[in-house]
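J.: Below is a structure I'd like to ask you about.
FYI, it's all coordinate maths here, none of it is from the lab. If you're wondering where the values come from, they're calculated on a predicted model, not measured in any experiment. Every residue, glycine among them, receives a Cβ derived from its backbone with ideal geometry; neighbour counts consider all protein chains shown.
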Amino acid sequence: MSAEWVTKTAQNMDQFYFSMRDKLIHFISLVGDMTLFGYDSLKLLAAQPYRYGEVLKHMEFIGNQSMGIIALTSVFTGLALSFQVYLGFKLVNAVNLVGPTVALGITRELGPVLTGLIVAARAGGAMAARLGTMRVNEQMDALDVMGINTKQYLIAPRIIAAIICMPLLTALFDFMAMVGCWFLCIHIVGLDSAIFFEKISQTVEVYHINEGLFKGAIFGLMFSVVCTYKGFHTTGGAKGVGEATNRGVVISMVSIIIIDYFLMNIIRIYYLVSGIGR
Amino acid sequence: MVNTYKGQFSIELTELKKSFDNGKDFILKGLNLKIPRGSLTAIIGFSGTGKSVMLKHILGLYKPTSGRVEILGQDLSQLNENDLTKFRCNYGVLFQSAALFDDMTVLENVCFPLEEHRRHLKKEQVIQIAFNKLNMVGLESKHFEKLPSQISGGMQKRTGLARALALDPEILIYDEPTTGLDPILTEMVDNLILETHKLNQGTTSVMVSHDLAAAFRIADFIVMLDAGKVLLSGTAQDFFKSDIELVKRFVDKGMKH
């Protein structure tokens, strides 16, 4: 082991350490920036002039226009998941538990997560692209010099609309996925309808559904803050708009999956502390 | 037109300095400028001399590293973010790209600032004011219901100007209004600026431009920036008579184009 090799290795380790440190600092400051951005924007929702009309307009876009795609994907998710569970449970002679297993999985996990991912890709991407285009085309500057608070006018209504719409879309996903599950169990593999519903009603509680709806609202907050932040801070023309959209959607989707795990644990702890589900 | 400010100068910049890298390099290096109320002032200069940065200070979009920005007698540094937002109602800005809201029609674009800041007005009154402003800039009513993407560049500029005029601003700013336009459209926009200024007596108009010929033709006060400072300010005659080498070069090149 020569002295030169040791020096070079030490330098490489130094470089690696500093690069990781810079990335960590950048990540923490980005999360901090986004949090403040979301907080500042939502705070303005309570200030006059009220932007209820804008909130409704964005709810129509995020909620109403996402219903078709959510309904379609959820039915097929329900069908596919039910069939896989059926194949597994058949091995242990427990096919009557397919309904409740799928119901729990859908309402608590897959419903909010898949709804979050789909809506983040569709509405979040559109948000980032729209705001980015407004930024590079000077439309945001125009709003600024017109004396209009851009965060209040453009950001807050989008975030609040996403928070309101996501639980509703999650509920739609849950329902349609269970329609898919019911169709497969009753009409394709021939399980008994009465047992199917009885087992589900014995197992699934209202708080399971609420857990998913709550997660949906959190995912709505997350993707809307991330995507509006990226769009709002777009620089560099058409290329910048593309990058902002891409990063907004990717960060939102990855965050939804990661945060879901931590959220699940926090909810478990809440159940333990409050005695729910005992 | 309602002009309430009666001071001698609408815009006063004193020892204005701006650095984006904690004082290592200054874009504006102690800029002093006074723009008389009611004048049509052209700000000219080579690229990178600080025109846009200066403009953003006037609009309150940038905070100076040091120095003072006084608009209509109000020191902008004394205003908090909310007050500054409200204060910006005193400005009307025509952007280089017109910056029209692409999801609104021509008429809606002009109505928008009125709906935001003149909430006591009825819908019909707002539309009437918007009609008047669009007529003032010479846009035909058959285009009022079209989207910005459905009208020509010249019409977009006219709409942008009508929108800038909607709130009867004290200060009207034209940010490179003719950059990238063909000669015929350039002349049309220049004439539009001149006519608008004549029609709105008392309004201070500031035009940031590379177009020296237009500046000499329509402006009554010209300011040339160089390296973050005012190199020369005065009338067109002052520029033609100037002995400053850079001014001579700029005038020679500018008048040839």
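J.: Shape call for the range A:23-93 from the C-alpha gyration tensor, a ≥ b ≥ c root eigenvalues: rounded (a/c under 1.5), prolate (a/b greater than b/c) or oblate? The partial results should precede the final answer.
T.: Numbers: a/c = 4.34, a/b = 1.71, b/c = 2.54.
Oblate, since a/c reaches 1.5 and b/c is not below a/b.
J.: Same structure, new question: In terms of the Cα gyration tensor, with a ≥ b ≥ c the square roots of its eigenvalues, is the range B:154-257 rounded because a/c is under 1.5, prolate because a/b exceeds b/c, or oblate?
T.: Note, shape of the range B:154-257 comes out prolate.
J.: Shifting gears a bit: What list of ³J(HN,Hα) couplings, whole Hz, do you get for the range A:3-13 from phi and the Karplus terms 6.51, -1.76, 1.60, once you set θ to phi - 60° and write x for glycine and proline?
T.: Couplings: 5, 5, 5, 5, 4, 5, 5, 4, 5, 4, 5 Hz.
J.: Then there's this: Enter the angle in degrees (range 0 to 90, nearest 10) between the Cα long axis of helix A:237-274 and the first principal axis of the Cα atoms of chain A, meaning the one along which they spread out most.
T.: The angle comes out at about 50 degrees.
J.: Only Cα pairs under 8 Å and at least 6 apart count here; give the relative contact order of the range B:48-94 as a rounded whole percent.
T.: 27 percent
J.: Only Cα pairs within less than 10 Å get springs; with that Gaussian network setup on chain A, which residue of A:ALA103, A:ALA244, A:ALA46 has the largest fluctuation?
T.: A:ALA46
J.: Would you mind giving the average projected area, over all directions, of the Cα convex hull of the range A:1-153 in nm² with one decimal?
T.: 18.0 nm²
J.: Return the single residue from B:GLY67, B:GLY160, B:GLY45 with maximal mean-square fluctuation; model: Gaussian network over chain B, springs between Cα atoms under 10 Å.
T.: B:GLY67
J.: Next question, about the same structure. Kindly rank A:149-159, A:245-255, A:217-227, A:231-241 from highest to lowest mean number of other beta carbons found within 10 Å of each residue.
T.: A:217-227, A:149-159, A:245-255, A:231-241
J.: Round to a whole angstrom and tell me the spacing of the C-alpha centers of the range B:73-137 and the range A:133-202.
T.: Each part's Cα centre sits 35 Å from the other's.
J.: Can I ask one more? Just counting partner chain Cβ atoms within 10 Å, what average do the residues of peptide B:89-98 show around their Cβ?
T.: 4
J.: Let me ask something else about it. At q = 0.14, 0.17 Å⁻¹, what is the log10 ratio I(q)/I(0) for the range B:170-226, with the Debye formula run over Cα points and no solvent?
T.: So the normalised log intensities are -0.35, -0.52.
J.: Here's another thing I want to ask about it. How large is ³J(HN,Hα) for each residue in the range A:75-81, as worked out from phi by the Karplus curve 6.51 cos²θ - 1.76 cosθ + 1.60 (θ = phi - 60°), to whole Hz, x for Gly and Pro?
T.: 4, 6, 4, x, 4, 5, 5
J.: Under 18 Å Cα-Cα from B:LYS17, which aspartates and glutamates qualify once same-chain neighbours fewer than 8 residues away are excluded?
T.: The reachable aspartates and glutamates, counting only those whose Cα sits under 18 Å from B:LYS17, are B:ASP25, B:GLU70, B:ASP75, B:ASP226.
J.: For a 29 Å ceiling on Cα separation, which of these pairs sit above it: B:LYS86/B:LYS133; B:LYS56/B:LYS157; A:LYS151/B:LYS29; B:LYS34/B:LYS248; B:LYS34/B:LYS123; A:LYS43/B:LYS63?
T.: Listed pairs above 29 Å: A:LYS151/B:LYS29; B:LYS34/B:LYS123.
J.: Two-decimal Rg/Rh of chain B from alpha-carbon positions, Kirkwood Rh?
T.: With Rg and the Kirkwood Rh in hand, the quotient comes to 0.97.
J.: While we're on this one: Each residue of the range A:150-159 in turn: what ³J(HN,Hα) in whole Hz from Karplus with 6.51, -1.76, 1.60 and θ = phi - 60°, glycine and Pro shown as x?
T.: Taking θ as phi minus 60°, the curve returns 5, 5, 6, 7, 9, 8, 3, x, 5, 5 Hz for the range A:150-159.
J.: Hey, how many Å between the Cα centroid of the range B:158-195 and the Cα centroid of the range B:202-240?
T.: The distance from the Cα centre of the range B:158-195 to that of the range B:202-240 comes to 16 Å.
J.: Across peptide B:57-66, how many C-beta atoms of other chains are within 10 Å of each residue C-beta, on average?
T.: If you average over the peptide's residues, the count of other-chain Cβ atoms is 1.
J.: At a threshold of 8 angstrom on Cα-Cα distance, excluding pairs fewer than six apart, so keeping six or more, what relative contact order does chain A reach in percent? Don't skip to the answer; put the middle values down first.
T.: Numbers: 341 pairs, mean separation 82.4, N = 278.
The normalised contact order for chain A reaches 30 percent.
J.: Here's something else I'd like to know. For chain B, modelled as a GNM with alpha-carbon contacts under 10 angstrom, which of B:ILE44, B:ILE129, B:ILE222 fluctuates the most?
T.: B:ILE129
J.: Right, next: Extent of the range B:1-98 along each principal axis, from alpha carbon coordinates, in Å, largest to smallest?
T.: Cα extents, longest axis first: 44, 30, 28 Å.
J.: Given H placed on each backbone N at 1.01 Å, which residues far from B:SER10 in sequence or on other chains put an amide H within less than 5 Å of it?
T.: The answer is B:ILE35, B:ARG37.
J.: Bins of 10 Å, beginning at zero and ending with the bin holding the largest distance: percent of Cα pairs per bin for the protein assembly as shown, please.
T.: Percent of pairs per bin, in order: 3, 15, 21, 19, 15, 12, 8, 5, 2, 0, 0.
J.: What does the structure give for B:99-106 when I average, per residue, the other chain Cβ atoms found within 10 Å of the residue Cβ? Please list the in-between numbers first.
T.: Values: counts 9, 4, 5, 5, 3, 0, 0, 0.
Mean inter-chain Cβ contacts per residue within 10 Å come to 3.
J.: Separate question: Given the C-alpha centroids of the range B:23-40 and the range A:1-64, what is the distance between them in whole angstrom?
T.: Centre-to-centre (Cα) distance: 35 Å.
J.: Then there's this: Write down the percent of antiparallel bridges among all DSSP beta bridges whose residues are both part of the protein assembly as shown, to the nearest 5.
T.: About 55 percent, rounded to the nearest 5.
J.: Where a ≥ b ≥ c are the square roots of the eigenvalues of the C-alpha gyration tensor, would you call chain A rounded, which needs a/c under 1.5, or, failing that, prolate if a/b is larger than b/c, or oblate?
T.: Verdict is oblate for chain A.
J.: Which of the aspartates and glutamates could a cross-linker span from A:LYS199 if the Cα-Cα distance has to be under 18 Å and same-chain partners fewer than 8 positions apart are dropped?
T.: Those aspartates and glutamates meeting the cut-off are A:ASP174.
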